[in-house]
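J.: Okay, here's the structure, questions in a sec.
The values are calculated or read from the model by the stated rules, or taken from the named source; none is laboratory data. Since the structure is predicted, the reported quantities are computational estimates derived from the model, not experimental observations. FYI the Cβ positions are ideal-geometry reconstructions off the backbone, even for glycines, and counts take in every protein chain you see.
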Amino acid sequence: MAQNNKTQTETRPTPTIEDYLAIIYVMARDGEKVIAARLAETLEVASSTVTVTLKRMERDGWIAAETGKDIHLTDQGGEAARSVIRRHMLTEWMLARMLNVPWSRVHAEADQIEHAISEALETQMRTNLDDPQLCPHGNPLPGYEHVAADWLPLTRVLPGETVIIRRIHEIAEDNHELLEFLEQNGIVPGAQVEVAEVLPFNQTMRLKVGNQNTVLGFPTAKYIYIEKQA
Ligand SMILES: [Zn+2]
């Protein structure tokens with residue numbers, strides 16, 4: 001048993017590296033240019049710190065970074081990224097379903113726990129949680145990107161349309177206050193909302209969820225994905 005754990009911690013990157021790998025994976029998945037400056041902004045750390053970490057990651061074979069070009073995950077880096085993202089998302093479900101942790105809090109809690117989940121435990125969680133394809137916020141588990149492929153950002157919806165909320169993007173998941181606000185206002189996956197008003201000059205839109213009105217700014221709305229009703 002101890003032998004097993006040792007082998008696993010030796011092959012698995014440190015929690016910090018796992019966090020970097022997960023963000024690089026998400027940015028690459030979304031077709032974003034993965035550069036050090038963007039990582040520093042997303043991780044809220046100094047760009048000098050990012051530079052040092054990226055050098056270490058390149059040395060250890062997690063990423064490939066040619067001067068002046070985007071950062072790419074190596075095969076080993078991609079595998080490690082998918083692994084930590086899966087552990088994160090399964091942990092979110094475990095906290096939500098088994099411990100009734102509020103939807104707005106499972107992401108932050110899972111950020112701490114995900115690094116400590118062994119492969120054996122991950123397999124057990126997957127089975128017990130019925131092999132989910134999406135996290136509680138609607139983001140696809142690695143390999144299930146196609147499930148979310150047709151959902152559109154809320155900013156693409158015209159006034160008067162009624163749509164189903166499907167997904168709050170990973171970038172928005174890191175904003176705890178925003179998640180609490182969305183939860184309180186019923187703007188969560190599965191909710192039916194009407195786009196009541198769009199004010200481009202104001203960069204806002206008003207949503208109706210039941211009888212309740214909520215105003216969202218475009219910078220927030222672009223991270224909320226919806227499905228149009230047939
Ligand atoms: Zn999530």
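J.: Filter the range 118-137 down to the residues that are of a type in the set (S, T, Y) and part of a helix (DSSP H, G or I), then identify the one that is farthest from I187 (Cα to Cα). I'd like the intermediate steps shown before the answer.
T.: Just the residues of the range 118-137 that are of a type in the set (S, T, Y), to begin with: 118, 123, 127.
Remaining after also requiring part of a helix (DSSP H, G or I): 123, 127.
Details: T123: 31, T127: 29 Å.
Of everything passing the filter in the range 118-137, T123 is farthest from I187 (Cα to Cα).
J.: Follow-up question, since we're still on this one. Give me the pairs, please: first residue somewhere in the range 130-145 and on the phi > 0 side of the Ramachandran plot, second residue anywhere and charged (D, E, K, R) and away from the ligand (no atom under 11 Å from the Cβ), beta-carbon distance under 7 Å, and either six or more positions apart or on two chains.
T.: As it stands, the answer is G138/R166, since those pairs meet every condition given.
J.: Looking at the range 157-206, which of the residues that are surrounded by 20 or more Cβ atoms within 10 Å (Cβ to Cβ) and free of Cβ contacts under 8 Å to residues at least 40 places away in the same chain is nearest to P140 (Cα to Cα)?
T.: I187
J.: For E92, indicate whether it is near the ligand (Cβ under 10 Å from one of its atoms), of a type in the set (D, E) and under 15 Å from the mean Cα position of the chain (by Cα).
T.: Values: near the ligand (Cβ under 10 Å from one of its atoms): yes; of a type in the set (D, E): yes; under 15 Å from the mean Cα position of the chain (by Cα): yes.
Yes: the conditions hold for E92.
J.: Looking at (1) in contact with a Pro (Cβ under 9 Å, 6 or more places away or on another chain); (2) modelled with pLDDT under 95, which one does N211 not meet, given that it meets all the others?
T.: All conditions are met except number (1).
J.: Collect the residues in the range 60-82 that are free of Cβ contacts under 8 Å to residues at least 12 places away in the same chain and within 25 Å of N139 (Cβ to Cβ), keeping them in residue-number order.
T.: D75, E79
J.: Among the listed residues R87, R56, which satisfies the condition of being under 25 Å from V106 (Cβ atoms) and touching a helix residue (DSSP H, G or I) at 6+ places or on another chain (Cβ under 9 Å)? Lay out the reasoning, then the answer.
T.: Values: R56 fails: under 25 Å from V106 (Cβ atoms).
Being under 25 Å from V106 (Cβ atoms) and touching a helix residue (DSSP H, G or I) at 6+ places or on another chain (Cβ under 9 Å) holds for just one of R87, R56, which is R87.
J.: Please state which one of S104, S118 is touching a residue at least 24 places away in the same chain (Cβ under 8 Å), in contact with a Leu (Cβ under 7 Å, 6 or more places away or on another chain), hydroxyl-bearing (S, T, Y) and farther than 16 Å from L21 by Cα.
T.: Values: S118 fails: in contact with a Leu (Cβ under 7 Å, 6 or more places away or on another chain).
When all the criteria are applied, what remains is S104.
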